[in-house]
Amino acid sequence: MATLSDIGVAAGLNILSAFIFFVAFAILRLQPFNDRVYFPKWYLKGLRTDPVHGGAFVRKFVNLDWRSYLRFLNWMPAALRMPELELIDHAGLDSVVYLRIYLVGLKIFVPIAFLAWAVLVPVNATSTGLESAGLDNITSSDIDKLSISNVHSTSERFWAHILVAYAFTFWTCYILLKEYEKVASMRLQFLAAEKRRPDQFTVLVRNIPPDPDESVSELVEHFFLVNHPDNYLSHQVVYNANKLAKLVKKKKKLQNWLVYYQNKVERTSERPQIKTGFLGLCGNKVDAIDHHNTEIDKLSKEIALERDNVSNDPKSIMPAAFVSFKTRWGAAVCAQTQQTRNPTMWLTEWAPEPRDIYWSNLAIPYVSLTVRRLIMAVAFFFLTFFFMIPIAIVQGLASIDGIQKRAPWLNPLIEIPFIKSFIQGFLPGIALKLFLIFLPTILMIMSKFEGFGSISSLERRAASRYYLFNFVNIFLGNILTGTAFEQLDSFIHQAANEYPITIGTAIPLKASFFITYIMVDGWAGIAAEVLMLKPLIIYHLKNFFLVKTEKDREEAMDPGSIGFNTGEPRIQLYFLLGLVYASVTPTVLPFIIVFFGLAYVVFRHQIINVYNQEYESGAAFWPDVHFRVIIALIVSQIVLMGLLTTKKAASSTPFLIVLPVLTIWFHIYCKGRFEPAFVRYPLQEAMMKDTLERATDPNFNLKAYLQNAYVHPVFKASLFDEDEDEEVMSLKLETESLTVPTKRQSRRNTPLPSRISGASSPSLPDHGIRNHPEP
């Protein structure tokens, strides 16, 4: 059990490591050769160029201005200087609302901490429950004397905890209400002011029924000409181009290696040799440049053949399409209504913006999605609960008792006060953090297998899974394994009627572990985020071996993104810990406040200067954020009820029952009042924006604008030269379709004739991409 001195040592170590990270960052960011690593967003926007330093050659690599090093923390106030509206224009609404999650944490926990320390800490500290309880089998520390465990059973002091719990609940709900209202308003204003984008006019249609007389492309056009005659504009069928995408990716990788070997020749004047066997460790030696040129030529032929197969094979066309409309109003009507009497056919939803699409999953048949998600639900269940076993083992080994049992020869070392404090106050948090390092990747792979069609939905799904995993394994797992495994010997030798008392008393005793975890993951982890050590190393390796042109140098930059699938669940864990321990062990709250404050500054800096968000969803994730904070609030209320029950506070405990009921009612109200703004687009807003656009730009060619918006990237990459101008590419894609009658027997009397031919699809350009009718 960690004592106050152990927590102090851990805090000192984490503060020292965070300070080292910040100093290293401050020095590295000032060096000219690191400018593209720490300010890539400005380079991608074309607003920053490589620093130019005259004079000595060393100035091109090292900043010799000693005065700049004295202001090594000036990036913090600079990060707070940009106004929110300007930040929305600069980084998008998703990034700004993500930052507001940290502000919500500060708004909730700063007042709660003041109230808890003013009321609960004196109430807990002046009691002697742990000393007089006679529970020698429970190990306590100085921190536990400030918790609810130190209050006598049946004490009237529990009324203070109940009243404060009401105050915490009402304050948290008030902040959540105001934030939900604010974010919903920001979203509607953002959508109203947003520039024209393809997804505003486009709907994704899935589960298109097969037709023996018409191809998918013809069927889509006829369906929407009949059912949306005044608004339908064009469509783009979805192709299964996954194999083609893999070939293009492989070719890109070989081209990178070719550039590397060509650069090597320029540096050494010697042609490199490689082995053609497994991992280059065996096989015949060949000239590296000639070999890669041959392989690239071979792949180019395979790509051309596969492209032809995709374009001519009807089986490559999936029963899905992107359908574009003349107005936002028409797209909103289609996306938010049922198209046929069969609710499982012609399913429509808003199309993701083109850069948000995860193209590989669009090729998955819709009927298989339910089976895939069921399989992943079962797999996640086993992953979550079986993960408890190795976590418990690792946590056991990372404790004093575990080391003494497994490595008794280290006993003299761990008896040193500093080493003992390090093991008890620092090592368990590090062990847990390292053990979970591959979890986000595993969860993202599971989300991709489930078949979600956009990067944003993949990240939200992975985030929800990560949150559940944290709740079960990090929160419940550490509490339950801490009380059930560590105290197993005590349970065996005590009467059965004392079990609830022991468990109820021991739950607050895990606060010291969570404090160390917050410092390791929150303080040091956030400080390491700003250092960006991995992108720094990768950039310089690429810059040295692969970069030949300015375009290569831009591609070598890795700005990354906010990482919603990993960042948001971590924030929610701190909401959970803060709300649960606010009434139980208020000592946790200052550590959580430091995390929220530090993380807000760091991520604001990263969003301004580094991160280049992959997509823009208009803060569509906020309902998930709100719901998880509500869950944390309800869990905190249930935990307090359980603790008071074990403390035999039967007369006061019933007063807490109303809190979960009120919280659930509050969530239902917010869900009905604000959530529609995040899942539906008001027709009034759509009509207003359409009317304004027609008045300001009446001659805009919307069809040409949408013509190639939803063409698969591999078709663009393989149909056109990489250096070809985008304007020329757009002109090539603008092909007019011929008007022919429908061939489907049941639709010979269709009031609106088809505008495409049976042999050519408007969904792909005519440069070698043909769509033959399906049999």
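The values are calculated or read from the model by the stated rules, or taken from the named source; none is laboratory data. Treat the numbers as computed from the prediction; the structure is a model and nothing was measured. Backbone-built Cβ (ideal geometry, glycine too); neighbour counts: all protein chains shown. The area values use the complete protein model at the heavy-atom level, side chains included, leaving out ligands, DNA and RNA. Shrake-Rupley method; radii C 1.70, N 1.55, O 1.52, S 1.80 Å.
A few comments on the model shown:
- Pairwise FRET efficiency - Arg680 versus Glu550, Cβ, R0 = 41 Å, nearest 0.05: 0.40
- Normalised by residue number, the volume inside the convex hull of the Cα atoms of segment 256-298 is 73 Å³ per residue.
- For the listed residue pairs Lys326/Lys689; Lys689/Lys716; Lys301/Lys448; Lys145/Lys510; Lys252/Lys542, the alpha carbons are over 21 angstrom apart in Lys689/Lys716; Lys301/Lys448.
- When you count the other C-beta atoms within 10 angstrom of each residue and take the mean per peptide, 115-124, 97-106 line up highest first as 97-106, 115-124.
- If R0 is 22 Å, the Cβ-Cβ spacing of Phe700 and Glu86 corresponds to a FRET efficiency of close to 0.20.
- Label zone at Val110 (point 7 Å along Cα-to-Cβ), backbone N below 20 Å, segment 70-90: 76-85
- Rounded percent of accessible protein surface that carbon and sulfur make up, segment 197-351, 1.4 Å probe: 52
- Once both labels are positioned 7 Å from their Cα atoms along Cα-to-Cβ, the gap between Leu662 and Ser360 label points is 4.9 nm.
- Here the calculated FRET efficiency for Arg197 and Leu64, from their Cβ-Cβ distance with R0 = 35 Å, stands at 0.15, rounded to the nearest 0.05.
- Per the Kirkwood formula applied to alpha carbons, segment 197-351 shows a radius of gyration over Rh ratio, Rg over Rh, of 1.23.
- Phi-based couplings in Hz for segment 283-295 (Karplus 6.51, -1.76, 1.60; Gly and Pro marked x): x, 6, 7, 9, 5, 5, 5, 4, 4, 6, 4, 5, 5
- Gain on full extension, evaluated as 0.36 nm per residue between Ile296 and Trp171 minus their Cα-Cα distance, stands at 38.7 nm.
- Long-range tail of P(r) for segment 549-664 (Cα pairs > 22 Å, %): 52
- In segment 197-351, Cα pairs under 8 Å separated by at least six residues give a relative contact order of 46 percent.
- Projected label distance in nm at Val226 and Glu614, using a 7 Å step from Cα toward the beta-carbon: 3.9
- The charge dipole of segment 197-351, taken about its Cα centre with unit charges on the Cβ of Lys, Arg, Asp and Glu (plus for the first two, minus for the last two), comes to roughly 880 debye.
- Taking all protein chains into account, the per residue accessible area for segment 197-351 stands at 48 Å² (1.4 Å probe).
- Cα→Cβ-extended label distance, 7 Å offset, between Ser368 and Asn74, nm: 5.8
- Packing around the peptides 566-574, 697-705, 362-370, taken as the average count of other Cβ atoms within 10 Å per residue, puts them in this order, highest first: 566-574, 362-370, 697-705.
- Alpha-carbon centroid distance for the pair segment 633-658 / segment 696-713, whole angstrom: 60
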